[in-house]
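J.: Input: one structure, supplied below.
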Amino acid sequence: MHYLFLAQLLIMIVGPLVKMALRVIGFGFVSYIGFNLVIDQARGYMQSSMGQLGAEISGILGLANFDIIVNMYFAAIATRFILAGIDKAQDRKRNQVWRKPGGTSIEA
């Protein structure tokens, strides 16, 4: 008899957790696929545009490690989107740290 109560309690606790996890995973999966598609399109456009440059300019960009710069740029964009997505998935907003003087702030 006690096992039936424990089973019902477990279903009541685990059920909403599983639904929330599947919802977050589904949203994350769709966002990840869409984001990768956009980033791949942009990267492909940049690579095709760089292929049309002259040999001298390509050599200078190679010496400047421009390919590494482009990869770092796209990595920064991806990181920013991921962090923004994590905040939205947790349904929390960043708290404002600084408040203008007056109003509700404490003045020293």
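J.: Do we have any residue at all in segment 11-19 that's part of a helix (DSSP H, G or I), within 30 Å of Asp67 (Cα to Cα) and among the hydrophobic types (A, V, I, L, M, F, W, C)?
T.: No - not one qualifying residue is present in segment 11-19.
J.: If I filter segment 5-16 for residues that are surrounded by 11 or more Cβ atoms within 10 Å (Cβ to Cβ) and aromatic (Phe, Trp, Tyr), do I get at least one hit?
T.: no
J.: Tell me which of these Ser48 doesn't satisfy, since it passes every other one: (1) modelled with pLDDT under 85; (2) surrounded by 10 or more Cβ atoms within 10 Å (Cβ to Cβ).
T.: Looking at each condition in turn, Ser48 falls short on (2).
J.: Which of the residues that make up segment 59-84 are surrounded by 14 or more Cβ atoms within 10 Å (Cβ to Cβ) and under 17 Å from Ser48 (Cβ atoms)?
T.: Leu61, Phe66, Val70, Phe74
J.: Moving on. Would you point out the residue of segment 18-45, among those that are over 18 Å from the mean Cα position of the chain (by Cα) and either among the charged types (D, E, K, R) or closer than 24 Å to Tyr73 by Cα (or both), that is modelled with the highest pLDDT?
T.: Step by step, filter segment 18-45, then rank; the result is Tyr45.
J.: Condition first: modelled with pLDDT under 65 and part of a loop (DSSP other than H, G, I, E, B). Now tell me which residues in segment 56-101 satisfy that.
T.: Within segment 56-101, Gln90, Asp91, Arg92, Lys93, Arg94, Asn95, Gln96, Val97 meet the criteria.
J.: For the structure I just gave you, tell me whether Gly26 is within 18 Å of Ile82 (Cβ to Cβ) and of a type outside the set (Asp, Glu).
T.: Here the answer is yes, as Gly26 does meet what is asked.
The values are calculated or read from the model by the stated rules, or taken from the named source; none is laboratory data. Values in this document were obtained by computation on a predicted structure and should not be read as measured data. Backbone-built Cβ (ideal geometry, glycine too); neighbour counts: all protein chains shown.
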